[in-house]
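A.B. asks: Could you have a look at this structure, given as structure tokens, before my questions?
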Amino acid sequence: MSDLFSHPTPEPPREGPVGDVRADVTVPADRTHAWAGFSDHIHLWWPASLLSVWGSGSFFDLESNALVETSPEDEETVWAEVTGSTPDASLELIWRHRPGTAPSTSVTITFSEVGGFGDPRTAVAVRHGGWEPVAGAGELRRRYEEFWPEALSHYARFMGGAL
């Protein structure tokens with residue numbers, strides 16, 4: 001009865017699922033070329049100055065079903081393992097946060113043709129999910145909210161797109 005004439009005390013927010021980080025870009029290429037630019041030539045566009053263990057001198061490559069970063073001294077770290085791949089359509093990864101001990105998350109990249117004959121274009125979408133409940137996602141998730149759009153802008157420029 002104590003809150004009969006006053007406002008009830010609000011309940012603390014419940015920890016629940018955290019939404020995916022999403023980023024999208026459209027590149028001026030058909031799906032086959034968009035896929036090749038992303039997967040075969042990732043070392044040419046990956047913004048190592050923004051996300052890497054060893055900085056801008058690092059080399060990124062999708063090799064042996066993993067996204068591997070190699071330092072200038074040939075040290076390696078695995079950023080992600082490929083758990084599913086449909087060439088020209090999708091890439092699914094278990095993402096390991098480097099450096100650090102944060103729990104793994106999942107990244108899905110999809111490639112969808114949106115252009116017509118004579119105007120090949122492909123929409124590339126990144127969905128980064130599997131985040132811990134609100135209290136655990138915090139700063140790391142915000143880092144990827146900034147990283148993925150910037151990474152895709154590097155990829156789009158590499159593919160000849162204008163932003």
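The values are calculated or read from the model by the stated rules, or taken from the named source; none is laboratory data. No experiment lies behind these values; they were computed from the predicted model shown. When we count neighbours, we look across all protein chains shown, and the Cβ atoms used for this are built from the backbone with ideal geometry, even at glycine. Accessible surface is based on the protein model in full, side chains and every heavy atom, while ligands, DNA and RNA are left aside. Shrake-Rupley method; radii C 1.70, N 1.55, O 1.52, S 1.80 Å.
A.B. asks: When you go through ARG142, ARG157 one by one, which is the residue that is farther than 22 Å from GLY100 by Cβ and assigned to a helix (DSSP H, G or I)?
C.D. replies: ARG157
A.B. asks: If you check ASP3, ASP20, which single one turns out to be modelled with pLDDT under 95 and surrounded by fewer than 10 Cβ atoms within 10 Å (Cβ to Cβ)?
C.D. replies: Unique residue meeting the criteria: ASP3.
A.B. asks: How many residues does segment 88-104 hold that are modelled with pLDDT of 95 or more and touching a helix residue (DSSP H, G or I) at 6+ places or on another chain (Cβ under 8 Å)?
C.D. replies: Residues meeting the conditions: 3.
A.B. asks: Then there is this: Residue check, THR108 against (1) under 16 Å from the mean Cα position of the chain (by Cα); (2) open to solvent by less than 40 Å² (accessible area, probe 1.4 Å), all met but one. Which one?
C.D. replies: In the conditions (1) under 16 Å from the mean Cα position of the chain (by Cα); (2) open to solvent by less than 40 Å² (accessible area, probe 1.4 Å), THR108 misses (2) alone.
A.B. asks: Would it be correct to say that GLY57 is closer than 18 Å to HIS154 by Cβ and at pLDDT below 95?
C.D. replies: Considered against the rule, which asks whether it is closer than 18 Å to HIS154 by Cβ and at pLDDT below 95, GLY57 comes out as yes.
A.B. asks: Still on this structure: Going through segment 69-85 one residue at a time, which ones are surrounded by 13 or more Cβ atoms within 10 Å (Cβ to Cβ) and over 19 Å from HIS128 (Cβ atoms)?
C.D. replies: THR70, SER71, GLU76
A.B. asks: So which residues in segment 111-129 are of a type in the set (Gly, Ala, Ser), open to solvent by 10 Å² or more (accessible area, probe 1.4 Å) and under 12 Å from the mean Cα position of the chain (by Cα)?
C.D. replies: Once the filter is applied, which keeps residues that are of a type in the set (Gly, Ala, Ser), open to solvent by 10 Å² or more (accessible area, probe 1.4 Å) and under 12 Å from the mean Cα position of the chain (by Cα), segment 111-129 yields only ALA125.
A.B. asks: Restricting to segment 55-114, name every residue that is among the polar types (S, T, N, Q) and part of a loop (DSSP other than H, G, I, E, B).
C.D. replies: Hits for segment 55-114 are SER56, SER58, SER64, ASN65, SER71, THR101, SER104.
A.B. asks: State which residue is modelled with the lowest pLDDT when the search covers only segment 130-139 and only residues that are in a loop (DSSP other than H, G, I, E, B) and surrounded by fewer than 17 Cβ atoms within 10 Å (Cβ to Cβ).
C.D. replies: PRO133
A.B. asks: Looking only at residues in segment 71-99 that are of a type outside the set (A, V, I, L, M, F, W, C) and in contact (Cβ under 8 Å) with a residue 24 or more places away in the chain, which one is farthest from ARG31 (Cα to Cα)?
C.D. replies: PRO99
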